[in-house]
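Colleague: After the structure tokens below, expect a handful of questions from me.
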Amino acid sequence: MSGEIEIGRSKRAHQAYSFEDIALVPSRRTRDVRDVRVGWQLDAYHVDLPVMAAPMDSAMAPRTAIAVGGLGGIGTLDLEGLWTRYEDPADAYARICSAAPEEATRVLQDVYSRRVDHALIAERVSELRASGAVVAGRLSPNRTLEHWRAVIEAGVDLLIIRGSTVSAEHVSGAKEPLNLKRFIYELDVPVVVGGVTTYTAALHLMRTGAAGVLVGQGGGASSSIRQVLGLHMPMATAVADVAAARRDYMDESGGRYVHVIADGGVGNSGDVVKAIACGADAVMLGAALARAAEAPGGGYHWGPEAYHDRLPRGYRTHVGTVGTLEEILNGPSDRADGTLNIMGALRRTLATTGYGDVKELQRAQIVVAPYMPSVTDPTRDMPRRSKTDRL
């Protein structure tokens, strides 16, 4: 990482960049948009869209995870979320969405205080499997050893171990930590693990045998990790650093390729494009899909960080509703803010820059060009359409 600056006489820091700080530059060649490809391969699974749905209850219920799979992505269900704590979580959702802003965190903590039911894990996974979609389920690093057997026996295709910060060298004097290398080696299903934001941490995770690494600290639009813990790494730099770790790990391992998935700070189609240009193979979308008319959160968004019982590090935030899942992913769009037809925008960028697929887009030229919306930018005050507006 370059751009070291002096904070004070005893401390120096590196310059890092977010997606808003950078932009792609068109190349000398353009291409017909009908000739580009956006699919990718994750382990044994070919996926039509470079999209994984974030395992967040505001965006993903079993039916929406199935819908994302039907549209060409991978829907991921939180197997420690509302759907494995309640047979019917409708009342839980109603409490969360109707809570006053000053009470929302306390309501989240109360709603999520119910224990995870292994019978419900099996029921939800069976529901996903019956749809024919790729079955992806998330566990937290702290609870993986408690729930993994129920998850594997239920029949997931992909196991996602997702937390704010995941390392291959967790140290604990209170209990035996999860040994990721041994755990992944003994499983028969591919594992995607993260979040991670640095070259060194990513390289260590890749050495555990993970099929993919999530880049970011989770939560995205609903996270307050920077305010609470003082931790933050701008996503453009994080993705580029982890992509460098992938390159070096390929040399080290004799050609083993680990997929890099940008998870956090990917709120619109422009962010998706820039994440891939920085080196990501795919993106994990949370708030972008929580804006769908079908999303169970009803226009609200929150993640696991928001309901920690002792130190919440996230919010229930209002993201509104902009369209259906199909419109958000595949269009058509009637908005100019990048929240609809995300894959159409990716295809258009591929055509404009002359690249044939998402892997080639990783070679795109990037410039540092911080974006500051003007006062007259119409998207700043554009009202979000509600479900009733669309009827």
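The values are calculated or read from the model by the stated rules, or taken from the named source; none is laboratory data. Computed from a predicted structure; not experimentally measured. Cβ sites come from the backbone with ideal geometry, for glycine too, and all protein chains shown count toward neighbours.
Colleague: Restricting to segment 66-123, and then to whatever is of a type in the set (K, R) and in contact with a helix residue (DSSP H, G or I) (Cβ under 9 Å, 6 or more places away or on another chain), can you tell me which residue is nearest to E153 (Cα to Cα)?
Modeller: Taking segment 66-123 and keeping what is of a type in the set (K, R), we get 85, 95, 106, 114-115.
Next cut, in contact with a helix residue (DSSP H, G or I) (Cβ under 9 Å, 6 or more places away or on another chain) only: 85, 95, 114.
Working: R85: 18, R95: 32, R114: 22 Å.
Among those that are of a type in the set (K, R) and in contact with a helix residue (DSSP H, G or I) (Cβ under 9 Å, 6 or more places away or on another chain), it is R85.
Colleague: Hey, another quick one. Can you tell me how many residues within segment 306-315 are surrounded by fewer than 22 Cβ atoms within 10 Å (Cβ to Cβ) and within 19 Å of L77 (Cα to Cα)?
Modeller: 1
Colleague: The conditions are (1) more than 16 Å from the chain's Cα centre (by Cα); (2) more than 14 Å from I161 (Cα to Cα), and G220 fails exactly one of them. Which is it?
Modeller: Every condition holds for G220 apart from (1).
Colleague: Considering only segment 282-294, how many residues are under 12 Å from the mean Cα position of the chain (by Cα) and surrounded by fewer than 24 Cβ atoms within 10 Å (Cβ to Cβ)?
Modeller: Number of matching residues: 0.
Colleague: Next question. Taking segment 295-305, which residues are within 15 Å of P55 (Cα to Cα) and more than 15 Å from the chain's Cα centre (by Cα)?
Modeller: A295, P296, G297, Y300
Colleague: Go through segment 187-237 residue by residue and tally those that are in contact with a Gly (Cβ under 6 Å, 6 or more places away or on another chain) and under 22 Å from H301 (Cα atoms).
Modeller: 11
Colleague: Could I ask something else about it? Can you give me the number of residues within segment 18-41 that are within 20 Å of V215 (Cβ to Cβ), outside any strand (DSSP E or B) and either at pLDDT below 95 or not aromatic (F, W, Y) (or both)?
Modeller: The total comes to 4.
Colleague: Let me ask something else about it. Which residues, taken from segment 322-348, are in contact with a strand residue (DSSP E or B) (Cβ under 7 Å, 6 or more places away or on another chain) and either among the β-branched types (V, I, T) or surrounded by fewer than 17 Cβ atoms within 10 Å (Cβ to Cβ) (or both)?
Modeller: Across segment 322-348, the qualifying residues are T324, I328.
Colleague: Also: Inside segment 258-273, can you point out the residues that are surrounded by fewer than 23 Cβ atoms within 10 Å (Cβ to Cβ) and in contact with a Leu (Cβ under 8 Å, 6 or more places away or on another chain)?
Modeller: H259
Colleague: Please enumerate the residues belonging to segment 213-239 that are surrounded by 24 or more Cβ atoms within 10 Å (Cβ to Cβ) and either acidic (D, E) or modelled with pLDDT of 95 or more (or both).
Modeller: V213, L214, V215, M235, A236, A238, V239
Colleague: Check segment 341-363 and report whether any residue there is aliphatic (A, V, I, L, M), modelled with pLDDT of 95 or more, at negative phi and not in a helix (DSSP H, G or I).
Modeller: There is no residue in segment 341-363 that is aliphatic (A, V, I, L, M), modelled with pLDDT of 95 or more, at negative phi and not in a helix (DSSP H, G or I).
Colleague: Among the residues of segment 52-71, which ones are over 23 Å from G314 (Cβ atoms) and β-branched (V, I, T)?
Modeller: I66
Colleague: Something else: Looking only at segment 108-141, count how many residues are among the small types (G, A, S) and surrounded by fewer than 16 Cβ atoms within 10 Å (Cβ to Cβ).
Modeller: The total comes to 5.
Colleague: Checking the conditions here, which among T84, T105, T144 is surrounded by 23 or more Cβ atoms within 10 Å (Cβ to Cβ), touching a residue at least 12 places away in the same chain (Cβ under 8 Å) and of a type in the set (S, T, Y)? Steps first, answer last, please.
Modeller: Values: T105 fails: surrounded by 23 or more Cβ atoms within 10 Å (Cβ to Cβ); T144 fails: surrounded by 23 or more Cβ atoms within 10 Å (Cβ to Cβ).
Answer to the check: T84.
Colleague: Exactly one of these conditions fails for A277: (1) free of Cβ contacts under 8 Å to residues at least 60 places away in the same chain; (2) in contact with a Leu (Cβ under 9 Å, 6 or more places away or on another chain); (3) more than 30 Å from V116 (Cα to Cα); (4) aliphatic (A, V, I, L, M). Give me its number.
Modeller: (1)
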